[in-house]
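Chemist: Okay, handing you the structure first.
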Amino acid sequence: MKELEKQYDAKSVETRWYQWWQQQGCFHSDASRGGTPYCVVIPPPNVTGILHIGHALNNTIQDILVRWQRMDGKNTVWMPGTDHAGIATQNVVERALRKEGKTRHDLGREAFIKKVWDWKDEYGGTIVRQLKRLGASCDWERERFTMDAGLSEAVEEVFCRLYDKGLIYRANYIVNWCPRCHTALSDEESEHQDTAGKLYYIRYPVKRDGKLTATEFVVVATTRPETLLGDVAVAVNPKDERYKALIGKSLSLPVLHRELPVIADEFVDPAFGTGAVKVTPAHDPNDFDMGRRHELTPINVMHPDGVMNEGAGPYAGLDRFECRKRIVTDLTAAGLIEKIEPHQHAVGHCYRCDTVVEPRLSLQWFVRMKPLAEPALQAVLDGRIRFVPDRWNKVYGDWMENIRDWCISRQIWWGHRIPVFYCDSCNHQWAARGKPGQCPTCQSEKIRQDEDVLDTWFSSWLWPFSTFGWPKSNEDLKFYYPGNTLVTASEIIFFWVARMVMAGIEFMGDIPFREVYIHGTVRDDKGRKMSKSLGNSIDPLTIIDQYSADALRYSLMMITATGQDVYLSNEKFEIGRNFGTKIWNAARYMQMQESATPVPVQDGKRAEDSDFDPALLSADDRHILVKLSRSIESCTENLKRFRFNDAAHDLYEFIWHEYCDWYVEYSKDVLYGQDPARRAEVLKVMHYVFSNSLRLLHPFMPHLTEELWHGMGYGADSESIMNAPWPKPLTDGLARWGATSEGAAYVDARHELISIGRMLRVDCGIAPGQKIDYIVKSNTPELTAQLRADTATLVAMLKAGIVTIDDGFTPGKAMPSALTPIGTIYMPVEGLIDIAAESAKLSKQLEELAGHLAKANQKLENQAFISKAKPEVVAQFEKSRQELQGKYQKVKHLLEMLG
RNA sequence: GGGCGUUUAGCUCAGUUGGUUAGAGCGCUUGCCUCACAUGCAAGAGGUCACAGGUUCGAGUCCUGUAACGCCCACCA
C-alpha cells in the first residue's frame with residue numbers, strides 16, 4: 001500500500017496499468033484453460049480508420065461486458081482486428097498517389113497493392129493504438145486482419161464452396177456503379193439521399209408510315225435526360241386508353257433520331273408523369289427488366305467514369321452532368337421540352353465517396369442469397385439469436401425476407417481477388433483455392449484469374465470463425481464458437497450482422513452469436529450525426545487527454561440509454577471525471593484514517609473480506625451493507641440486460657450518495673472518536689464496501705479501479721483487479737450480521753429526517769457551524785414511543801406538520817427523559833408548517849381514496865364480473881384493492897393523529 | 001410509398017409488469033474554502049408528462065387517433 005497522491009494523475013496511471021496488463025497477459029485467453037467460454041468479436045474497424053466517438057461507445061460497451069464476464073469467472077476472449085476496407089483504403093492510398101501526380105495505373109496492379117500494404121504497415125495500426133488508450137482489454141495476441149493469410153484462405157474456401165454449390169454466379173446486370181471509384185457497389189453500399197431534382201417532360205415525335213409528324217408527340221418524363229441517348233423504346237401501360245392506339249407504332253428519339261417502338265408493359269404506372277416511360281435498359285434497373293421482357297438490346301452510352309461514350313453521339317466525351325445540361329439546352333432549342341418540374345426523389349450515393357451512383361449495366365459476380373437467408377431468418381424467429389432492443393428483430397426479418405442477390409465483385413485492386421480462373425485454350429471457367437498452374441480440363445497453362453476483387457464484406461461476414469482459424473478445425477474454434485454477444489450499431493445490421501448469421505449457419509452449421517446488442521448512434525447536441533465534414537465530431541482522444549479514458553467511458557455509459565441515440569457535447573464528460581475524483585478522495589480519506597488504526601494485511605493483501613462482529617455493528621453499518629448488496633444485485637442484473645446507463649447510475653448513486661454522502665460522513669463520528677473496537681470495525685466495513693464497489697466499477701473505469709485496488713492493498717502486487725471475483729449479493733453475510741431491509745428502511749427514514757432538520761435549520765438561519773441537539777416532541781408518550789419505533793411514519797408526520805421538531809433542549813442540560821434525540825445536529829422551531837392547510841390536503845386525499853376504494857369494492861362484489869372474468873384478472877383486482885386499502889389506512893392514520 | 005423511434009424541469013435525458021409526493025445530471029438561486037474532495041458540501045426554485053379521445057376505482061405508463069422532429073428501408077421513370 002502506498003500513499004495516494006492528492007491529485008489523481010489519470011494520464012500516467014492509465015498508460016502504466018495498460019502496459020502492465022499487457023505484460024501480465026491479463027487479456028489473453030487460452031482454450032486449453034477450459035471453463036465456460038465467453039467470446040466477443042470486435043466489429044473490425046477499417047484499417048484506415050481513426051477512433052471516433054462511435055468507436056469509443058461501441059468498444060466501451062464491449063470492454064464492459066468482457067471485463068465483467070472475465071471477473072465472473074468465464075474464460076473470456078475478445079477477438080480484435082481490423083478490416084482491409086477495400087474501397088476506403090484504396091481511396092486513401094490513391095489520394096496520396098495523386099499528390100505525387102500519379103494514378104494507380106501508373107504503378108500497375110502489383111506495385112500498387114504493395115504500396116497499399118506499405119501504407120497499412122506504416123499507418124494502419126492507428127486505431128488499434130487508440131483502442132488501447134481507451135482501455136480495451138482485447139486479446140491482442142490474436143489480432144487479425146481480414147487480408148491475413150489465414151483469413152484469405154477462409155475467403156477462398158467460402159467462395160469455392162458457394163461456387164461449387166451453384167450459389168455464386170456471374171451475370172450482366174444493372175448494378176450500382178460509382179463513377180468515381182470505378183466499381184460496382186452492393187445495394188447496401190448505395191445510400192439514398194433525398195434530393196431536390198427536376199422532372200423533365202420531353203417530346204418524342206411520332207412517326208407515321210415511316211415519316212415524322214412534326215405535330216404529334218409522346219411526352220415522357222425523366223429525371224435523367226442524358227440517358228435518353230440510350231433509349232431503345234417508349235413504354236406505356238396496355239390499359240392506358242390515351243396510348244392504346246400508339247402501341248406498336250414508332251417514335252423518333254430526339255437528337256439521335258433513332259427509331260423507337262412504343263411497347264406495352266404492365267410495369268408502367270399511368271398515374272405517374274405522363275404515363276409514358278422512356279426505356280433505357282443499360283442505365284436503369286426497371287428498364288433493364290423491361291428490355292429483357294421485350295427482347296430489346298441495351299445501348300450503353302456511358303464510360304465507367306461517368307463520361308458519355310461514343311454511343312452518345314455528339315455528346316461523347318462530356319461528363320454525365322455536363323451532358324445533361326447540354327441536352328436540355330439543345331432540346332429546349334428544338335422545342336422538345338414541354339416543361340420542367342421540380343421533383344423530390346431519392347438518389348443513390350456511394351457510401352465511400354458520396355458520388356452520385358449511376359445504375360450501370362455490367363458483368364458482375366453475385367451470391368444467390370435466398371437459400372442462405374432462410375435458415376438465418378429462422379434463427380432469429382425461433383429466438384436462437386436475439387436482438388436487443390428487440391425491435392431490431394423485425395428490421396432484420398424484413399431484410400431477410402426481401403433479400404436480393406449480393407453483388408460481390410468490385411473493379412478495384414485492393415482486396416481478395418476473385419478466385420475464378422479462365423482457360424484461354426478451352427474456355428473452361430472454375431473456382432480454385434490457391435494458385436492453380438493449369439486448366440483442370442485441358443491441362444493448358446494459358447489460364448488467367450478474374451480481374452475483380454471481392455466486396456470487403458465478403459471477408460468480414462466470416463469474421464466470427466475465420467479469426468479462430470477456420471477452415472482448419474482446431475481447439476479454439478471448438479471452444480469459442482459460437483460466440484456470445486455481438487455489439488454494434490444499427491448501420492451495419494445488413495452489411496455485416498445479417499451476413500455473419502448466414503455465413504455462420506452455412507459454413508459452421510451454427511449461429512455465430514446468441515445476442516446482438518444494437519447501441520445508438522452518436523450525435524452532436526443538435527441531433528446531427530457526428531461527421532468530419534460537418535466539423536461537429538468530438539474526438540475521443542481529445543477527451544481522453546482532457547479528462548481521462550475512464551471519464552470518457554463512464555460519461556458515455558451514464559448518458560447512453562439502451563439502444564437510444566446519444567447526444568453529446570464536451571461538457572458531458574465532466575460527469576465521469578468528477579465521479580473519478582470523488583472516488584479518489586474517498587480512498588484518500590480511508591487511507592488517512594488507516595494510519596491511525598491499520599487494518600491487518602495478510603499475504604500481501606488487505607483482509608477486507610473478513611467477517612464482522614454483529615455486536616460491534618451499528619444500524620448505519622448494517623444499512624450500508626444492505627445497500628451494497630442491493631447495488632451488487634442491480635448492477636449485475638443491469639449488465640445482463642444491457643442496461644449500461646442504469647448500472648452506471650446505480651453505482652453513481654450508491655458510491656457517491658450512499659457511501660460518500662452518508663456513510664463516510666457518519667464514520668467520522670467513530671473514526672475521530674475514542675472507541676478502538678468501533679474504529680476498527682467501521683474501517684473494516686469501509687474497506688469491505690469500497691473494495692466491492694471498486695470491483696463493480698472496474699468494467700466501467702478500469703484504470704482508476706486498478707490503481708486504487710493496489711493503492712488500498714486489496715490485492716497482492718501481482719494480482720489485477722481484472723481477475724478479482726465479481727461480487728455476489730451478500731445474502732448470507734447480511735443474515736449473519738443482522739442486517740435487514742427493515743433496519744435499512746429505518747436508517748433511510750432517519751436520513752430523510754435529518755434532511756428535514758437541515759431544511760428547517762436553513763429556513764431559521766442557524767449558522768452552519770452551530771451544533772445543536774434536537775428532539776421530537778409529541779403530545780402523548782404513546783405517540784412518542786410509536787414514532788420511535790416507526791421512523792417512516794415520523795417522517796411523514798413531520799412533513800405533514802403533525803409533529804414538530806422543537807429546541808426544547810438547552811445545551812448543557814439533561815435531555816427530558818421521555819424523549820430521545822433522533823439526530824444530533826440540528827435545531828428548528830414550531831410554526832413553519834401550516835397545519836390547517838396540510839390537514840385539508842390530507843382530508844381531500846382521503847376522500848378521493850375512499851371513492852376509489854368504494855368503486856374497487858363494488859367491482860369485486862359484482863358476481864357477474866367475478867364469474868365471467870379470468871381468475872388472474874380477479875386476483876389482480878384483489879391485489880389492487882389491498883394496495884388501495886393500505887394507502888387509505890395510512891392517510892386516515894395521519895389524519896387521526898392530527899386530531 | 002412502407003417501417004421504426006422520439007416528444008417528461010431552462011438544457012440533455014431516466015422512468016422495467018398501471019398504484020404513496022414523477023427522478024437524475026447540467027444550468028440557475030442561497031449559504032458554506034467544515035480537518036477526503038470547491039472536479040466539493042448543504043439547502044432551494046423549476047414539470048397540465050406533445051395534443052385529443054378511450055379503457056380502469058386509478059394512466060407519464062395500456063389502446064385509438066392527431067401533430068412535430070428524427071432514423072431506416074424502397075427500382076414510380
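The values are calculated or read from the model by the stated rules, or taken from the named source; none is laboratory data. No experiment lies behind these values; they were computed from the predicted model shown. For neighbour counting, all protein chains shown are included, and Cβ atoms are generated from backbone atoms with ideal geometry for every residue, glycine included. Just the protein is used for accessible areas: all its heavy atoms, side chains included, with ligands, DNA and RNA removed. Shrake-Rupley method; radii C 1.70, N 1.55, O 1.52, S 1.80 Å.
Chemist: Taking the condition of being aliphatic (A, V, I, L, M) and over 20 Å from residue A:129 (Cβ atoms), how many residues in segment A:62-79 meet it?
Modeler: Total meeting the criteria: 4.
Chemist: In segment A:312-321, what residues are under 15 Å from residue A:282 (Cα atoms) and either surrounded by fewer than 17 Cβ atoms within 10 Å (Cβ to Cβ) or within 41 Å of the chain's Cα centre (by Cα) (or both)? Don't jump to the end; show me each part of the working.
Modeler: Start the filter on segment A:312-321 by keeping residues that are under 15 Å from residue A:282 (Cα atoms), which leaves A:312, A:320.
Within segment A:312-321, just A:320 meets the criteria.
Chemist: Within segment A:283-311, track down each residue that is surrounded by fewer than 24 Cβ atoms within 10 Å (Cβ to Cβ) and among the hydrophobic types (A, V, I, L, M, F, W, C).
Modeler: The answer is A:288, A:290, A:296, A:299, A:307.
Chemist: May I pose another question? Which members of segment A:720-755 meet the condition of being in a helix (DSSP H, G or I) and among the aromatic types (Phe, Trp, Tyr)? Don't jump to the end; show me each part of the working.
Modeler: As a first pass, look at segment A:720-755 and keep what is in a helix (DSSP H, G or I): A:721-723, A:731-737, A:741-755.
Hits for segment A:720-755 are A:737, A:746.
Chemist: All but one of (1) assigned to a strand (DSSP E or B); (2) under 21 Å from residue A:332 (Cβ atoms) hold for residue A:255; state the number of the condition that does not hold.
Modeler: Result: residue A:255 passes all but (1).
Chemist: Let me ask another. Could you list, in sequence order, all residues of segment A:158-191 that are within 33 Å of the chain's Cα centre (by Cα) and within 16 Å of RNA strand B (Cβ to nearest atom)?
Modeler: If the condition is that a residue be within 33 Å of the chain's Cα centre (by Cα) and within 16 Å of RNA strand B (Cβ to nearest atom), then A:175, A:176, A:177, A:178, A:184, A:185, A:186, A:187, A:188, A:189, A:190, A:191 are the ones that fit.
Chemist: Report yes if residue A:394 is touching a Phe, Trp or Tyr at 6+ places or on another chain (Cβ under 7 Å) and open to solvent by 20 Å² or more (accessible area, probe 1.4 Å), otherwise no.
Modeler: The answer is no for residue A:394.
Chemist: Another question, then. Restricting segment A:124-172 to residues that are of a type in the set (Gly, Ala, Ser) and under 18 Å from residue A:406 (Cα atoms), which is modelled with the highest pLDDT?
Modeler: If we take residues in segment A:124-172 being of a type in the set (Gly, Ala, Ser) and under 18 Å from residue A:406 (Cα atoms), then A:166 is modelled with the highest pLDDT.
Residue by residue, here is whether (1) of a type in the set (A, V, I, L, M); (2) surrounded by fewer than 19 Cβ atoms within 10 Å (Cβ to Cβ); (3) within 11 Å of RNA strand B (Cβ to nearest atom) holds:
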residue: A:651; (1), (2), (3): yes, no, no
residue: A:655; (1), (2), (3): yes, no, yes
residue: A:659; (1), (2), (3): no, no, yes
residue: A:667; (1), (2), (3): no, no, yes
residue: A:681; (1), (2), (3): no, no, no
residue: A:693; (1), (2), (3): no, no, no
residue: A:696; (1), (2), (3): yes, no, no
residue: A:729; (1), (2), (3): no, yes, no
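Chemist: Next up: If I ask for residues that are at pLDDT below 90, over 30 Å from residue A:90 (Cα atoms) and acidic (Asp, Glu), which ones from segment A:178-234 would you list?
Modeler: Scanning segment A:178-234 gives A:209, A:216.
Chemist: Mind checking whether some residue in segment A:354-366 is away from RNA strand B (no atom under 12 Å from the Cβ), open to solvent by 60 Å² or more (accessible area, probe 1.4 Å), in contact with a Gly (Cβ under 8 Å, 6 or more places away or on another chain) and touching a residue at least 60 places away in the same chain (Cβ under 8 Å)?
Modeler: To start, the set of residues in segment A:354-366 that are away from RNA strand B (no atom under 12 Å from the Cβ) comprises A:354-356, A:358, A:360-366.
Those still in the list that are open to solvent by 60 Å² or more (accessible area, probe 1.4 Å) too: A:354, A:363.
Now drop any that are not in contact with a Gly (Cβ under 8 Å, 6 or more places away or on another chain), which leaves none.
There is no residue in segment A:354-366 that is away from RNA strand B (no atom under 12 Å from the Cβ), open to solvent by 60 Å² or more (accessible area, probe 1.4 Å), in contact with a Gly (Cβ under 8 Å, 6 or more places away or on another chain) and touching a residue at least 60 places away in the same chain (Cβ under 8 Å).
Condition check ((1) assigned to a loop (DSSP other than H, G, I, E, B); (2) of a type in the set (Asp, Glu); (3) over 26 Å from residue A:481 (Cβ atoms)) across all residues:
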| position | (1), (2), (3) |
| --- | --- |
| A:38 | no, no, no |
| A:44 | yes, no, no |
| A:50 | yes, no, yes |
| A:76 | no, no, no |
| A:87 | no, no, yes |
| A:94 | no, yes, yes |
| A:101 | yes, no, yes |
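Chemist: Sort out which residues of segment A:848-862 are near RNA strand B (Cβ under 7 Å from one of its atoms) and among the small types (Gly, Ala, Ser), and write them in order of number.
Modeler: A:851, A:856
Chemist: So if I check each of A:606, A:622, A:643, A:630, which one is farther than 30 Å from residue A:387 by Cβ, surrounded by 15 or more Cβ atoms within 10 Å (Cβ to Cβ) and at pLDDT 85 or above?
Modeler: None of the others qualify; the one that does is A:622.
Chemist: Residues of segment A:369-404 being within 17 Å of residue A:161 (Cα to Cα) and not in a helix (DSSP H, G or I), which ones? Full working, then the answer.
Modeler: Restricting attention to segment A:369-404, the residues satisfying the condition of being within 17 Å of residue A:161 (Cα to Cα) are A:369-373.
Result: A:369, single match.
Chemist: Taking only pairs six or more apart or across chains, which ones have beta-carbon atoms under 8 Å, a first residue in segment A:664-679 that is in contact (Cβ under 8 Å) with a residue 24 or more places away in the chain and outside any loop (DSSP other than H, G, I, E, B), and a second residue that is within 13 Å of RNA strand B (Cβ to nearest atom) and open to solvent by 50 Å² or more (accessible area, probe 1.4 Å)?
Modeler: Short answer, once both residue conditions are applied: A:671/A:596; A:679/A:596.
Chemist: Under 8 Å between Cβ atoms, at least 6 apart or on separate chains: pull out the pairs that start in segment A:371-392 with a residue that is over 19 Å from residue A:485 (Cα atoms) and end on any residue that is away from RNA strand B (no atom under 16 Å from the Cβ) and among the aliphatic types (A, V, I, L, M).
Modeler: Qualifying pairs under 8 Å: A:371/A:167; A:372/A:167; A:372/A:502; A:372/A:503; A:372/A:505; A:373/A:502; A:375/A:502; A:375/A:505.
Chemist: I've got another one for you. Here are some conditions: (1) in contact with a helix residue (DSSP H, G or I) (Cβ under 8 Å, 6 or more places away or on another chain); (2) open to solvent by less than 70 Å² (accessible area, probe 1.4 Å); (3) outside any loop (DSSP other than H, G, I, E, B). Residue A:113 meets all but one. Which one does it not meet?
Modeler: With respect to (1) in contact with a helix residue (DSSP H, G or I) (Cβ under 8 Å, 6 or more places away or on another chain); (2) open to solvent by less than 70 Å² (accessible area, probe 1.4 Å); (3) outside any loop (DSSP other than H, G, I, E, B), residue A:113 is out only on (1).
Chemist: Please verify whether residue A:318 is of a type in the set (A, V, I, L, M, F, W, C) and closer than 26 Å to residue A:248 by Cβ, treating the condition exactly as stated.
Modeler: So residue A:318 does not fit the description; no.
Chemist: Of the residues in segment A:442-494, how many are of a type in the set (Val, Ile, Thr) and surrounded by fewer than 24 Cβ atoms within 10 Å (Cβ to Cβ)?
Modeler: The qualifying residues number 5.
Chemist: Which one of A:233, A:184, A:196 is of a type in the set (Gly, Ala, Ser) and in contact with a Pro (Cβ under 6 Å, 6 or more places away or on another chain)?
Modeler: A:233 is the lone residue from the list that is of a type in the set (Gly, Ala, Ser) and in contact with a Pro (Cβ under 6 Å, 6 or more places away or on another chain).
Chemist: Also, quick follow-up: Give segment A:257-278 a look and list any residue that's within 11 Å of RNA strand B (Cβ to nearest atom) and farther than 22 Å from residue A:214 by Cα, or say none.
Modeler: Scanning segment A:257-278 gives A:265, A:266, A:267, A:268, A:269, A:270, A:271, A:272, A:273.
Chemist: Still on this structure, I have one more. Has segment A:708-719 got at least one residue that is in a loop (DSSP other than H, G, I, E, B), out of contact with any strand residue (DSSP E or B) (no Cβ under 8 Å at 6 or more places or on another chain) and open to solvent by 10 Å² or more (accessible area, probe 1.4 Å)?
Modeler: yes
Chemist: On the given criteria, is residue A:36 closer than 24 Å to residue A:695 by Cα and crowded, with 23+ Cβ neighbours inside 10 Å?
Modeler: When the stated conditions are applied, residue A:36 does not pass them.
Chemist: Here is a further query. Read through the list (1) acidic (Asp, Glu); (2) modelled with pLDDT of 90 or more; (3) in contact with a Gly (Cβ under 7 Å, 6 or more places away or on another chain), then give the number of the only condition that residue A:706 fails.
Modeler: With (1) acidic (Asp, Glu); (2) modelled with pLDDT of 90 or more; (3) in contact with a Gly (Cβ under 7 Å, 6 or more places away or on another chain) applied to residue A:706, the lone miss is (3).
Chemist: Mind listing just one residue for me: the one in segment A:1-35 that is out of contact with any strand residue (DSSP E or B) (no Cβ under 7 Å at 6 or more places or on another chain) and basic (Lys, Arg) and, of those, modelled with the highest pLDDT?
Modeler: Within segment A:1-35, the match that is modelled with the highest pLDDT is A:16.
Chemist: Only residues that are within 12 Å of residue A:450 (Cα to Cα) and within 31 Å of the chain's Cα centre (by Cα): list them for segment A:413-438, please.
Modeler: A:416
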